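Each remark here refers to the structure printed beneath this line.
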Amino acid sequence: MLMTTQTQPIQLYYFPTPNGHKISIMLEELGVPYSVHPVHIGKGDQFHPDFLTISPNNKIPAILDPEGPDGKSISVFESGAILKYLAEKFDKFYPTDPRARVKVDEWLFWQMGGFGPMLGQNHHFAVYAPEKIPYAIDRYRNETHRLYGVLNRQLEGRDYIAGEYSIADMATLSWSLGWERQGIDLAEFPNIAAWQDRLKARPAVARGLAVPLPEDEKMDLATDKDAQNVLFNQRAR
Ligand SMILES: N[C@@H](CCC(=O)N[C@@H](CS)C(=O)NCC(=O)O)C(=O)O
C-alpha cells in the first residue's frame, strides 16, 4: 500500500479553543510534522489580510498544507473540512467502507451544525452576555442538555461515536469537555463520561489538548473586555 508521507510541516493556524483542539488532536494522532501559528482572536489577528486569504470567515482553525493534492500548497478552513481533508489525505480515522463513512459523516455534521454552535451560544448567554436573559439562557441550556442526551444514547454499548475511533470523536470531544460551564451535570450522562476518559487516555489526545500559546498570548475571555469587544461586536466588513 502506498503510504502518504509529509515532508514539510502542515501549518496550523490556531488558538486553544474547542475548535482549535479538534485539529491539534488530529495532527497529533496522525503523527505528521506540523507547525503552530498562533492567531490571537481576542486581539483581532483573525482580521489580518494574510489570514483572511486562508480563512475568509475570520475564524480559527485553518491549515496550510505545503504538500496539497497536486503537489502544490492548499489551505483549508472550517474544522470539519480540515478533519476530512487530513483524514482522506492520510487515510486514517475515516472509514473507506461507504456505510461506515456515512455514519462518521452524520456525527461529524451533527457536531458541526449542532453540538458546537448550540454549546457556544449557551456559553455566550450564560457566561459572557452583559445582561443575563433567562429566555436565551434556558433555550441554549435546554438544547445543550438535549444534545448531551442524544450523544449519551449513541454511546450506549459503543466505545466510539460512529464505529471505530474517528474524526467524529475528535470533533466532539473538545466541546464536551466544557460540560461544567455549559451547565451540564456529567453524572447524568455516564456513557459520555466513560467515552471522555477513554479518549483522554490516548497520549495524542492529551498532547493535542495541551498545545500551548506563548504565555503573553493567553486570554480570559470572561474578564477581558477588549477581547469581548473584538469578538462579540462583529458586523460585515
Ligand atoms: N465553524 C467554524 C467555527 C470556528 C470558530 O468559531 N472559531 C472561533 C474560535 S473557537 C474563532 O476563531 N473566532 C474568532 C472570531 O469570531 O472572530 C469551525 O468549526 O472551524
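Since every read-out is calculated from the coordinates, none of them should be taken as a lab result. Everything numeric in this text was worked out from a predicted model, so none of it was measured. Here Cβ is always computed from backbone atoms with ideal geometry, including for glycine, and neighbour counts include all displayed protein chains.
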If every Lys and Arg gets +1 and every Asp and Glu gets -1 at its Cβ, then about the Cα centre region 98-204 yields a dipole, in debye to the nearest 20, of 160 debye
Length gained, Asp159-Ala210, 0.36 nm per residue minus C-alpha separation, equals 16.0 nm
Check: C-alpha center region 19-36 vs C-alpha center region 77-100, spacing in Å is 14 Å
The chain: antiparallel bridges as % of DSSP beta bridges, rounded to 5, reads 60 percent
In the structure shown, of Lys72/Lys218; Lys103/Lys200; Lys103/Lys218; Lys43/Lys200; Lys132/Lys200, the pairs separated by more than 28 angstrom at the C-alpha atoms are Lys72/Lys218; Lys103/Lys218; Lys43/Lys200; Lys132/Lys200
Cα pairs beyond 20 Å in region 154-237, in percent, come to 52 percent
Whole-Å distance linking the alpha carbon centroid of region 123-153 with that of region 198-225 is 23 Å
Residues of region 105-127 with backbone N under 20 Å of the label point set 7 Å from the Cα of Asn142 along Cα→Cβ are 114-127
Binned at 5 Å from zero, the C-alpha pair distances of region 10-92 give percents of 3, 16, 29, 28, 15, 7, 2, 0
Treating only Lys and Arg (+1) and Asp and Glu (-1) as charged, each at its beta carbon, one finds that region 10-92 has a dipole about its Cα centre, in Debye to the nearest 20, of 200 debye
Residue separation between Arg101 and Ala194 times 0.36 nm, minus their alpha-carbon distance, gives in nm 31.1 nm
Taking a crude spin-label model, label points 7 Å out from Cα along the C-beta direction, the Glu131 to Asn57 distance in nm is 2.9 nm
Residue-normalised 222 nm signal for the chain, counting each DSSP H run of n ≥ 4 as -39,500 (n - 2.57), nearest 500 deg cm²/dmol, is -14000 deg cm²/dmol
Length-normalised contact order of region 10-92, Cα under 8 Å, at least 6 apart, in percent, tallies to 32 percent
By the mean-Cβ-within-10 Å protection proxy, highest first, 68-77, 156-165 rank as 156-165, 68-77
Kirkwood-based Rg/Rh on the Cα set of the chain evaluates to 0.96
Share of Cα-Cα pairs in region 98-204 beyond 21 Å, whole percent, is 35 percent
